[in-house]
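The values are calculated or read from the model by the stated rules, or taken from the named source; none is laboratory data. Just so it is clear, the structure is predicted and the values come from calculations on it, not from any experiment. Methodologically, a virtual Cβ is constructed for each residue, glycine included, from the backbone with ideal geometry; neighbour enumeration extends over all protein chains shown. These area figures cover heavy atoms from the full protein model, side chains too; ligands, DNA and RNA do not enter into them. Shrake-Rupley method; radii C 1.70, N 1.55, O 1.52, S 1.80 Å.
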Amino acid sequence: MEKLALFGGTPVRATRLPYARQTIEADDAAAVQAALGGDWITQGPLVARFEQVLAARAGVAHAVAFSSGTAALHAACWAAGLGPGDEAITTPLTFAATASAVVYQGARPVFADIDTGTLNVAPDAVKRVATARTRALLPVDFAGLPCDYARLVALAREHGWVVIADAAHSFGGAAGARPVGALADMTTLSFHPAKLITTGEGGAVLTDRADFADRLRTMRHHGIRYADPARPWRHDIPEIGQNYRLTDFQSALGLSQLAKLDRFWERRDRLARRYRDRLSGSNFVELPTLPADRRHGWHLFVVLLRLDRLGADRDTIVEALRAENIGATVHYPLVYRHTAYRERFGYSAGLCPAAETVEARLVTLPLFPAMTEDDQDDVLRALDKVFAHYAR
Ligand SMILES: Cc1ncc(COP(=O)(O)O)c(C=O)c1O
């Protein structure tokens, strides 16, 4: 048996393969350079142009750009009118920003357990945690798989909740014929470099509702309302907002990247399917289910370890892979297990048992458009090597 790099053996790769990496090409850099020479480097015409193209891509009436995905989530909660005394239901298996956006508004995040197949929030679990105080539902398309919006939106309509879809992982995906962006009342995107397209930092909210779009634009710009556009100094702030604006040069990068979304997606899809082919017969991992009616966005490729067949826990397997220079990692520690959530809201272990069992088994493997088949073969070889060592 090959000696693991963790114990001084030779790693599978000489250099670290990251789990994610942006693809910035010469025309992306040229677009940013050109924008920097313009009259406006923020609040100029490229932000509006980026928003138009984003909205058209998702088939919705409005896109509002933000300085990050987190800002987009916060603005969506603000636009939905969430406030103290309100509850918003979300999944524990997400980046903390989803729930923190609810907290920024003084509302309480409530966690519904996940479906162990898709790893997305389970509609029945949402029903179980709903109360008279529930005002919003924030489903997250974990790893890139669009949630079961048909059921979630039906449930929300029954109770009058606003649905804010966190599509940081799934832009470019679809459910049936409907693209991500058109599946909820508001849909938030992130353009962080690890995501499907990037603006460095950046985000957006997509919506068909003119009233939400208007509130989102106001929130992004301090909450300022202009009574008379010809006299901008005579403005008022009826509700306090933020400076969450995206710059023009970031929008130039966004426009250039957006034109490549399909190409990037096709590459991710090809690599993801190759992973699934190679790993579907594995004794040591299980793969999340892939409902036939959804187009996965493939931000992340995750596997679930068969811990019953391995003499090591998840963290040991991740460390062993990293020693082999494979940038395996974990998405995510469950939100309610973070100290701030435990202390502020009193959440404790056992709240979402399915998510807890899944989280203990989850590993994210490298996936990004510029990754080659050879890189992917290194990942697969490292998995074989590590599993051979720890097999029971
Ligand atoms: C599911 C999810 N929501 C929200 C965010 C926040 O996005 P950003 O980093 O652009 O603020 C991220 C990523 O970081 C994410 O993965």
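Annotations
- Candidate set from the stretch 219-251 (those that are assigned to a loop (DSSP other than H, G, I, E, B) and basic (Lys, Arg)); member that is nearest to the chain's Cα centre (by Cα): 245
- Selection count where residues are surrounded by fewer than 21 Cβ atoms within 10 Å (Cβ to Cβ) and more than 16 Å from the ligand (Cβ to nearest atom), scope the stretch 319-342: 9
- Filter result (part of a loop (DSSP other than H, G, I, E, B) and either aromatic (Phe, Trp, Tyr) or modelled with pLDDT of 95 or more (or both)) within the stretch 21-62: 21, 22, 23, 24, 25, 37, 40, 41, 59, 60, 61
- Candidates are the residues of the stretch 129-143 that are in a loop (DSSP other than H, G, I, E, B) and either more than 9 Å from the ligand (Cβ to nearest atom) or assigned by TED's automatic domain parsing to the domain that holds residue 300 (or both); the one that is farthest from residue 109 (Cα to Cα) is 132.
- Of the residues making up the stretch 295-318, just one is open to solvent by 40 Å² or more (accessible area, probe 1.4 Å) and among the aliphatic types (A, V, I, L, M), namely 307.
- Filtered residues of the stretch 58-101 (kept if among the β-branched types (Val, Ile, Thr), within 12 Å of the ligand (Cβ to nearest atom) and buried (at least 24 other Cβ atoms within 10 Å of the Cβ)): 90, 91, 94, 98
- Those strands (runs of 3 or more DSSP E) lying entirely in the stretch 144-218 with at least 3 residues at pLDDT 95 or above and of a type in the set (Ser, Thr, Tyr): 186-190
- Of all residues in the stretch 1-33, exactly one satisfies the criterion of being open to solvent by less than 30 Å² (accessible area, probe 1.4 Å) and free of Cβ contacts under 8 Å to residues at least 12 places away in the same chain, namely 9.
- For the stretch 80-126, residues that are in contact with a strand residue (DSSP E or B) (Cβ under 7 Å, 6 or more places away or on another chain) and not basic (Lys, Arg) total 25.
- Looking only at the stretch 343-355, and only at residues there that are in contact with an Asp or Glu (Cβ under 9 Å, 6 or more places away or on another chain) and open to solvent by less than 30 Å² (accessible area, probe 1.4 Å), the one that is farthest from residue 17 (Cα to Cα): 352
- If the condition is being of a type outside the set (Lys, Arg) and either without any contact (Cβ under 8 Å) to a residue 60 or more places away in the chain or open to solvent by 30 Å² or more (accessible area, probe 1.4 Å) (or both), then the stretch 251-270 contributes 255, 259, 262, 265, 266, 269.
- Residue match in the stretch 34-57 (condition: within 14 Å of the ligand (Cβ to nearest atom) and buried (at least 21 other Cβ atoms within 10 Å of the Cβ)): no
- The stretch 235-250, subset closer than 22 Å to residue 31 by Cβ and of a type in the set (D, E, K, R), residue surrounded by the fewest Cβ atoms within 10 Å (Cβ to Cβ): 245
- Failed criterion for residue 289 (all others in (1) within 16 Å of residue 119 (Cβ to Cβ); (2) touching a Leu at 6+ places or on another chain (Cβ under 8 Å); (3) surrounded by fewer than 21 Cβ atoms within 10 Å (Cβ to Cβ) hold): (2)
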